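The values are calculated or read from the model by the stated rules, or taken from the named source; none is laboratory data. Since the structure is predicted, the reported quantities are computational estimates derived from the model, not experimental observations. Note that each Cβ is placed from the backbone with ideal geometry, even for glycine, and that neighbours are counted across all protein chains shown. Keep in mind that these areas ignore ligands, DNA and RNA; they rest on the heavy atoms of the full protein, side chains included. Shrake-Rupley method; radii C 1.70, N 1.55, O 1.52, S 1.80 Å.
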Amino acid sequence: MRSFVKVFLVLFIPLFIALTLTFYFAYDTTTANARQELLQEMKNKWVIVAQLLHDNDPVASSTYARLADITRRTFLRISVIDTSGRVLTDSLVGYDDIAAMENHKGRPEVKAAIYYGEGFSSRYSSTVKMPMLYFARKLDDNTVLRLAYPETYVAALQQKLTRHAMGGFAALTLVVLLLALYFAGKVSLPVQRLYYIAEAIESGREHVHFPRFKDKAMARVAGLIYRIYTALQRKNYELERDRKKLNHIFTTMDQGVLLLDGDNVILHANPWLEQEFGVTFTPGTNLFDISNDIPLINFFSTMAAQRDEYARITLKQRVFDCNVRQVEDQKLVLLRNVTRQVEYEVFKAELTGNISHELKTPLAMIMGYAETLRDNPAISAQQRQHFLDNIYISSQRLNNLINDVIELHKLESVGDNFTVSHSVVPEDIAAELRAFYADSGAAKLTITATDTPVFISAEHLRSVLTNLIDNAIKYSDSAVVSASVSADDGMVSITVDDGGPPIEESQRQRIFERFYTCSRSRNKQHSGTGLGLSIVKHIASLYRGSAGVETNSAGGNRFYVKLCQRRRGKTSAKTSDRQISA
Amino acid sequence: MDKVDKEYLQLKTLLASMCQEVTSMLQDSTTALFSRDSELAQSVIARDDNVDRLDTCIDEHCLKMLALYEPKAIDLRFVVTALRIIVDLERVGDHCTNIAKEVIALNQAPPVKPYIDLPKMAEHTIAMIEDAITAYFNKDLAAAVEIIKRDDVVDQYDSKINKELIGYMNQELGNERNVVSLMFITRSIERIADYATNICEMIYFMVSGEVIRHRTRSLE
């Protein structure tokens, strides 16, 4: 619309001005010509009147009468003025009043006639009360003959002209206006249509209507815009699809993806980062502006300082693998939480070290004694027997260790979804153990057990009790060890009490770790495998129970294990569950 | 992001780095004491150079900001406070070095006694320093006042440990040198907590424009 108005104004204003000027000058010229014609007419009349006055005395009353008669008939006023400006006769004034007329030397036409021979002027006459045209010329006797004629002719002509000119002017203006509107529409419409297309594309409207153009050039331009627009739309759609796909990948990734610019301003961050660090990674914000937590700032600082390299960075007990890639002037950071992996690596290294250490000790003893026996055939029978006993004890220890490792491995391979198909009576196991420990002749052992059948694997129940009792006998200073097995509401509770010394609170959790012992020196004294309590804890976790240690009333330790019965069809009725026969 | 914002962020990262360095030095020097690890104590002494380097670096950075950007009102107080915080953090670093030296000396002899309150005192002090710098970043007046009040807990630990050590000195004659070393360590940790209080007083000034030094009691 704006372009239409612009074009219209550009066309209309100059044409209108030209039209106005033309009319103005035409009017002016016509008026000037009319006045010139009138003046010429007066000059002619002056010659006639001058002839008349040449033959008569201008002051005589008869002459006056003739002049007055002319005036009456033709409206031509005739005056005769001497060089001093005195009016000698005036056809319009009464004969007797002529002498009283004011001096006319100051009149412009009279003055011009006196000095230059002739002159004229046009002015309003106070005598006849109308605009008059005056013409004066010097006569032969040095007097001035002045003629005056009303300008009514010129005024009438002007009126007539004005009337006609206004009509013509209005008609022509209307024509010019219509022409300007027509051409403005013709020129601006295609531009308006192109503007509409551009506006629709710019505003991101989904469907843009491309109007038809009659003009070939415009149709070509519009066609080009249409082709570029559709190509861009296609590209945009593909980009949007790729962006969504990429976002989905980033969202589901198990690692952090962070894109930073050269000033560490966040360009992209996936949700993993927010979950991991507990701060919002708003795109457009500087990385160091999102948190005031000092360890986190230092973490980001270390991360941002990386240049195309891999680094392992620690943040409050957590370990992250940080991989930085420089992409032009941007930086792509990939973060992965490897805390569990690091912990597992440490655990694995410790476990391997412990197993090899525990295996090497009895093996070294066996090898040492065997070597002595081989190299010294003349050794006494008593010493030989002593060495052989030691070899046997070490072999037994090695065997126990291997058995424990195998048992632990077996427990690990059972899995969570197992059931027990046959019940076992704890008292039967207790009786069996009482007989076994009575033969060993160690501490005084009392075992109390319920005779209610429980759905716990006999092998597992036996293993828990023997490991706990063995542990109590080995590490307690007390001569009395008591164990009990009770069943209540689907749970089986096993407790083993000793007389101390009590295990330190800080070590109560750690003693259930593999190969962990409270005191290394004590471990050497008592030849345990270091896996007993680990087996107990593993069995407890298999039965979704718990295992722990606390101080008992006697000042010693009470090891307790709680097992949830895994009866087939009650705890889990799945046919695919593994079954363990009691 | 304009240049001034970049400079403020750099100041923030440098201060965070210095804070982490001194708190880890304090943590390691006390760990070296409890675990009798002279090697760790030696590494604490070596790290003091890094604290000094950061001190110089932040000092120059702040002066550059003052000269180039002529900050006004709270921005000016933010930079001036940073200049004063680094002085205190540098002294904390020096105290950690002193603790580490005492630890090396202590580790030459059998342990004096089990440490019960000293680890708690050190932990409390480390938290005070970290929280003070976080309060500075957050321009948090309430947190600053709360940290100032927490200094009383450290003072109570200081008094309790010293009383215990004097009692121990009277009982165990011949072990005075080691007990005095422990007293030095306790005093150093107490002084570090005082520096955290100083930092909080400066934060109070930075946020409110009001100087509360030497009249912190009135806050309670």
| message | Here is a check on your reading of the model: is B:I147 under 23 Å from B:H95 (Cβ atoms), loosely packed, with under 14 Cβ neighbours inside 10 Å and hydrophobic (A, V, I, L, M, F, W, C)? | response | no
| query | Just a yes or no: is a residue in segment A:138-161 exposed (fewer than 15 other Cβ atoms within 10 Å of the Cβ) and at positive phi? | reply | yes
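Could you tell me whether B:T31 is in contact with an Asp or Glu (Cβ under 8 Å, 6 or more places away or on another chain), within 14 Å of another protein chain (Cβ to nearest Cβ) and under 24 Å from B:L182 (Cβ atoms)? It would help to see each step written out before you state the result.
Numbers: in contact with an Asp or Glu (Cβ under 8 Å, 6 or more places away or on another chain): yes; within 14 Å of another protein chain (Cβ to nearest Cβ): no; under 24 Å from B:L182 (Cβ atoms): yes.
The answer is no for B:T31.
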| So which residues in segment A:355-390 are more than 60 Å from the chain's Cα centre (by Cα) and β-branched (V, I, T)? | A:T361, A:I366, A:T372, A:I379
| field | Selected residue (criterion: nearest to the other protein chains (Cβ to nearest Cβ)) from residues of segment A:247-292 that are open to solvent by 50 Å² or more (accessible area, probe 1.4 Å), of a type in the set (D, E) and in a loop (DSSP other than H, G, I, E, B) | value | A:D263
| query | Looking only at segment A:60-79, which residues are surrounded by 12 or more Cβ atoms within 10 Å (Cβ to Cβ) and outside any helix (DSSP H, G or I)? | reply | A:F75, A:L76, A:R77, A:I78, A:S79
| request: Evaluate segment A:489-502: report whether one residue or more is at pLDDT 70 or above, in contact with a Leu (Cβ under 8 Å, 6 or more places away or on another chain) and farther than 25 Å from A:E432 by Cβ. | output: no
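Do we have any residue at all in segment B:37-47 that's in contact with a Cys (Cβ under 9 Å, 6 or more places away or on another chain), more than 11 Å from chain A (Cβ to nearest Cβ) and open to solvent by less than 30 Å² (accessible area, probe 1.4 Å)? Before you say what the answer is, go through the steps one by one.
Kept after step one, since they are in contact with a Cys (Cβ under 9 Å, 6 or more places away or on another chain), are these residues of segment B:37-47: B:44-45, B:47.
If we keep only those that are more than 11 Å from chain A (Cβ to nearest Cβ) too, we end up with B:44-45, B:47.
When the remaining residues are screened for being open to solvent by less than 30 Å² (accessible area, probe 1.4 Å), the result is B:44.
Yes, segment B:37-47 has at least one match.
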| message | Pairs needed: first member in segment A:92-121, over 17 Å from A:N142 (Cβ atoms); second member anywhere, open to solvent by 20 Å² or more (accessible area, probe 1.4 Å) and β-branched (V, I, T); C-beta distance under 7 Å; at least 6 residues apart or different chains. | response | A:L92/A:T127; A:L92/A:V128; A:M101/A:V93
| field | Of all residues making up segment A:16-30, the number that are surrounded by 12 or more Cβ atoms within 10 Å (Cβ to Cβ) and either acidic (D, E) or farther than 25 Å from A:K160 by Cα (or both) | value | 0
| Of the residues A:A99, A:A50, which is assigned to a helix (DSSP H, G or I) and out of contact with any strand residue (DSSP E or B) (no Cβ under 8 Å at 6 or more places or on another chain)? | A:A99
| Out of all the residues in segment B:116-128, which are in contact with a Ser or Thr (Cβ under 7 Å, 6 or more places away or on another chain) and either at the interface with another protein chain (Cβ under 9 Å from one of its Cβ atoms) or surrounded by fewer than 19 Cβ atoms within 10 Å (Cβ to Cβ) (or both)? | B:P119
| message | With the structure loaded, tell me whether A:L332 is touching a strand residue (DSSP E or B) at 6+ places or on another chain (Cβ under 7 Å) and either away from chain B (no Cβ under 14 Å) or in a helix (DSSP H, G or I) (or both) or whether it fails that test. | response | yes
| request: Kindly provide the set of residues from segment A:102-137 that are surrounded by 16 or more Cβ atoms within 10 Å (Cβ to Cβ), outside any strand (DSSP E or B) and of a type in the set (A, V, I, L, M), ordered by number. | output: A:V110, A:A112, A:A113, A:I114
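Report yes if A:D289 is more than 30 Å from B:T23 (Cβ to Cβ) and not polar (S, T, N, Q), otherwise no. Steps first, answer last, please.
Details: more than 30 Å from B:T23 (Cβ to Cβ): no; not polar (S, T, N, Q): yes.
So A:D289 fails the test.
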| task | Scan B:I212, B:I203 and give me the residue that is open to solvent by less than 50 Å² (accessible area, probe 1.4 Å) and within 24 Å of B:M25 (Cα to Cα). | result | B:I203
| Is it the case that segment B:77-98 has a residue that's more than 23 Å from B:R191 (Cα to Cα) and of a type outside the set (A, V, I, L, M, F, W, C)? | yes
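Suppose the filter is within 30 Å of A:L273 (Cα to Cα), in a helix (DSSP H, G or I) and open to solvent by 100 Å² or more (accessible area, probe 1.4 Å); does A:R243 pass it? It would help to see each step written out before you state the result.
Details: within 30 Å of A:L273 (Cα to Cα): yes; in a helix (DSSP H, G or I): yes; open to solvent by 100 Å² or more (accessible area, probe 1.4 Å): yes.
The answer is yes for A:R243.
Going through segment B:1-11 one residue at a time, which ones are under 17 Å from B:F137 (Cα atoms) and facing chain A (nearest Cβ under 7 Å)? I'd like the intermediate steps shown before the answer.
The first filter runs over segment B:1-11 and keeps only residues under 17 Å from B:F137 (Cα atoms), leaving B:4-11.
Listed by number, the residues that qualify are B:K6, B:L9.
Name the residues in segment B:21-36 that are open to solvent by 20 Å² or more (accessible area, probe 1.4 Å) and either at pLDDT 90 or above or aromatic (F, W, Y) (or both), would you? Break it down stepwise before answering.
First pass over segment B:21-36, keeping only residues open to solvent by 20 Å² or more (accessible area, probe 1.4 Å): B:21, B:24, B:27-28, B:31, B:34-36.
Scanning segment B:21-36 gives B:E21, B:S24, B:Q27, B:D28, B:T31, B:F34.
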| In segment A:527-538, what residues are at pLDDT below 75 and open to solvent by 50 Å² or more (accessible area, probe 1.4 Å)? | A:S527
| task | Determine whether segment B:12-22 contains at least one residue that is more than 14 Å from chain A (Cβ to nearest Cβ), in contact with a helix residue (DSSP H, G or I) (Cβ under 6 Å, 6 or more places away or on another chain) and touching a residue at least 60 places away in the same chain (Cβ under 8 Å). | result | no
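So that you can scan it fast, the table gives a plain yes or no per residue for (1) open to solvent by 70 Å² or more (accessible area, probe 1.4 Å); (2) modelled with pLDDT of 90 or more; (3) in contact with a Ser or Thr (Cβ under 8 Å, 6 or more places away or on another chain); (4) over 25 Å from B:L11 (Cα atoms):
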{"position": "B:V112", "(1), (2), (3), (4)": "no, no, no, yes"}
{"position": "B:A135", "(1), (2), (3), (4)": "no, yes, no, no"}
{"position": "B:A143", "(1), (2), (3), (4)": "no, yes, yes, no"}
{"position": "B:L165", "(1), (2), (3), (4)": "no, no, yes, yes"}
| query | Considering segment A:307-329 alone, what residues qualify as being open to solvent by less than 20 Å² (accessible area, probe 1.4 Å) and assigned to a loop (DSSP other than H, G, I, E, B)? | reply | none
| message | Tell me whether segment A:297-306 contains one or more residues that are open to solvent by 70 Å² or more (accessible area, probe 1.4 Å), on the phi < 0 side of the Ramachandran plot and not in a helix (DSSP H, G or I). | response | no
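So for segment B:48-71 (the condition being over 26 Å from B:E7 (Cα atoms), hydrophobic (A, V, I, L, M, F, W, C), in contact with a helix residue (DSSP H, G or I) (Cβ under 9 Å, 6 or more places away or on another chain) and buried (at least 21 other Cβ atoms within 10 Å of the Cβ)), does at least one residue qualify?
Narrowing segment B:48-71 to residues over 26 Å from B:E7 (Cα atoms): none.
No: zero hits.
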| said: Among the numbered criteria (1) closer than 30 Å to B:I129 by Cα; (2) within 11 Å of chain B (Cβ to nearest Cβ), which one does A:I313 miss? | reply: (2)
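Okay, residues lined up against (1) charged (D, E, K, R); (2) crowded, with 19+ Cβ neighbours inside 10 Å:
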site: A:T452; (1), (2): no, no
site: A:S457; (1), (2): no, yes
site: A:N467; (1), (2): no, yes
site: A:D470; (1), (2): yes, yes
site: A:I473; (1), (2): no, yes
site: A:A483; (1), (2): no, yes
site: A:G490; (1), (2): no, no
site: A:I494; (1), (2): no, yes
site: A:G499; (1), (2): no, yes
